[in-house]
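Undergrad: Sending over a structure as structure tokens; questions will come in a sec.
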Amino acid sequence: MEWLTDSKIPVGKAAKQTFDWLKDNAEPIFDGMSQVMEWLIAAILWVLQTPHPLVIVAAFVALTWVLQKSWKTCLLILAGFLFILNQGYWKETTESLTLVLSSCVVCMAVGVPIGIAAAHRPRLYAWMRPILDLMQTLPTFVYLIPAIVFFGIGMVPGLIATVIFVLPAPIRLTHLGISSTPQPLLEAVTAFGGTRRQTLWKVELPYALPQIMAGLNQTIMLSLSMVVIAALVGANGLGVPVVRALNSVNTALGFESGFIIVVVAIMLDRMLRIGGAK
């Protein structure tokens, strides 16, 4: 088998050369991206940490009522936040929520337009599909390497790695929603003289809204699943005590912080569940 390994395809070498070239020639672009990401993270963190915790809890309960119209769901959200406060993980929770919300802003701002474009251009989506598959199947730890190379240590590389991992979800679900718009409905809009912009805003987007909201839900859940991995590159949040517990084999700390992550995931899922219990 030596003849096969002697002609090894230089995948790793090509990737290293690509990253080195980008680092040498695209540094201003990465610096600009880093500044924007830092500003976004700082703004969300300020909103979540400056007011009294009970004010933020009340705001989330009110938002839950607006979205779900269910007092049971509101009670669940209230109980979840009170449990987090009781366990002393408020600061870490707000830091993780900052990472989740930042990734949602970036992923939805990028993923929805790309999904719309892909739905209108089948050849574009056919070209994008293997790239989306690669983004979702490549081990998430691999994303941390270029993130550290381009952005250093901290919340920004954690956010970038999270965005790369999560971005395919809103793209795919937006594409699904737009492309599944009934053809007779589109033909009726065209027959009444509707422009492409009117068709998009008044027919396709309203019809695809459940899928787009499902994409938002998936974005939040997948982002939350990255909090522990992001902690490995210096991102603050609930992943830090989990990593600390793993390094010190601290069972109590590991289960405590891990259970908080589960509580946050359940809360966010119930808040944004489509067609939840009324």
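Undergrad: Counting residues in region 196-240 as N, plug N into 2.2 N^0.38 Å and put the Cα Rg over that result.
TA: Details: Rg = 16.8 Å, N = 45, 2.2 N^0.38 = 9.3 Å.
After normalising by residue count via 2.2 N^0.38 Å, the value is 1.80.
Undergrad: Consider just the alpha-carbon atoms of region 167-247 and return their Rg together with their Dmax, both in angstrom.
TA: In Å, with Rg to one decimal and Dmax whole: 19.8, 65.
Undergrad: Pull up the cross-link candidates among the lysines for residue 202, meaning alpha carbon to alpha carbon under 30 Å and not fewer than 8 places away within one chain.
TA: List returned: 69, 278.
Undergrad: Here is a follow-up. With a bin width of 5 angstrom, please list the P(r) values of region 18-69 as percents of all Cα-Cα pairs, from the 0 bin to the one holding the largest distance.
TA: It works out to 4, 17, 13, 13, 12, 10, 8, 7, 8, 7, 1, in whole percents.
Undergrad: Going from the alpha-carbon gyration tensor of region 52-114, what semi-axes, largest first and in whole Å, does one get by taking the root of 5 times each eigenvalue? Can you show the working numbers first?
TA: Details: eigenvalues 116, 60, 14 Å².
Result for region 52-114: semi-axes of 24, 17, 8 Å.
Undergrad: Let me ask something else. HN-Hα J couplings of region 218-234 from phi, Karplus 6.51/-1.76/1.60, θ = phi - 60°, integer Hz, Gly and Pro as x?
TA: Calculated HN-Hα couplings, in order: 5, 4, 5, 5, 5, 5, 5, 5, 9, 5, 5, 5, 5, 5, 5, 10, x Hz.
Undergrad: Further question: How large is ³J(HN,Hα), in whole Hz, for each residue of region 113-120 in order, when computed from phi with the Karplus curve 6.51 cos²θ - 1.76 cosθ + 1.60 and θ = phi - 60°, using x for Gly and Pro?
TA: x, 5, x, 5, 4, 5, 5, 7
Undergrad: Dividing the Cα radius of gyration by the Kirkwood radius, what Rg/Rh value follows for region 151-202?
TA: Details: Rg = 18.3 Å, Rh = 13.9 Å.
That ratio is 1.32, to two decimals.
Undergrad: Treat each spin label as a single point 7 Å out from the Cα along the C-beta direction, and report the residue 54 to residue 202 distance in nm.
TA: 4.9
Undergrad: If you don't mind, there's one more thing I want to ask. If you take the alpha carbon radius of gyration of the chain and divide it by 2.2 N^0.38 Å, what ratio comes out, to two decimals?
TA: Working: Rg = 21.5 Å, N = 278, 2.2 N^0.38 = 18.7 Å.
After normalising by residue count via 2.2 N^0.38 Å, the value is 1.15.
Undergrad: Nearest 20 debye, what's the magnitude of the dipole of the chain about its Cα centre given +1 on Lys and Arg Cβ and -1 on Asp and Glu Cβ?
TA: Values: 18 positive and 14 negative charges, 179 e Å.
Here the chain has a charge dipole of around 860 debye.
Undergrad: Here is a follow-up. With every protein chain present, what is the per residue accessible area of the chain (1.4 Å probe, Å²)? Write out the running numbers ahead of the final one.
TA: Working: 15520 Å² over 278 residues.
Value for the chain: 56 Å² per residue.
Undergrad: Of the accessible area of region 40-192, with the probe set at 1.4 angstrom, what percent is carbon plus sulfur?
TA: Numbers: 5610 of 7480 Å².
Here carbon and sulfur together make up 75 percent of the probe-accessible area.
Undergrad: For the chain, what is the calculated [θ] at 222 nm in deg cm²/dmol (nearest 500), taking -39500 (n - 2.57) for each run of four or more DSSP H residues and dividing by its residue count?
TA: Only helices count here, giving -26500 deg cm²/dmol.
Undergrad: For region 83-91, take each phi angle, set θ = phi - 60°, evaluate the Karplus expression 6.51 cos²θ - 1.76 cosθ + 1.60, and give the result in whole Hz per residue in order, putting x for glycine and proline.
TA: 5, 4, 5, 4, 7, x, 10, 5, 4
Undergrad: Subtract the Cα-Cα distance of residue 8 and residue 191 from 0.36 nm times their separation in residues, and report this length gain in nm to one decimal.
TA: Working: separation 183, 0.36 × 183 = 65.88 nm, distance 5.84 nm.
Value of the extension gain: 60.0 nm.
Undergrad: Oh, and also: Please state the shape class of region 129-177: rounded when a/c is under 1.5, otherwise prolate if a/b exceeds b/c and oblate if not, all from the C-alpha gyration tensor.
TA: Prolate is the answer for region 129-177, as a/c is 1.5 or above and a/b outweighs b/c.
Undergrad: For a paramagnetic label modelled at 7 Å from the Cα of residue 246 toward its Cβ, which residues of region 83-114 fall within the zone defined by backbone nitrogen distances under 18 Å?
TA: Label zone hits: 96.
The values are calculated or read from the model by the stated rules, or taken from the named source; none is laboratory data. Only a predicted model underlies this, so the values are computations on that prediction, with no experimental measurement involved. Because the Cβ atoms are built from the backbone with ideal geometry, glycine has one as well, and the counts that use them run over all protein chains shown. We work out accessible area using only protein heavy atoms, side chains counted, and drop any ligands, DNA or RNA first. Shrake-Rupley method; radii C 1.70, N 1.55, O 1.52, S 1.80 Å.
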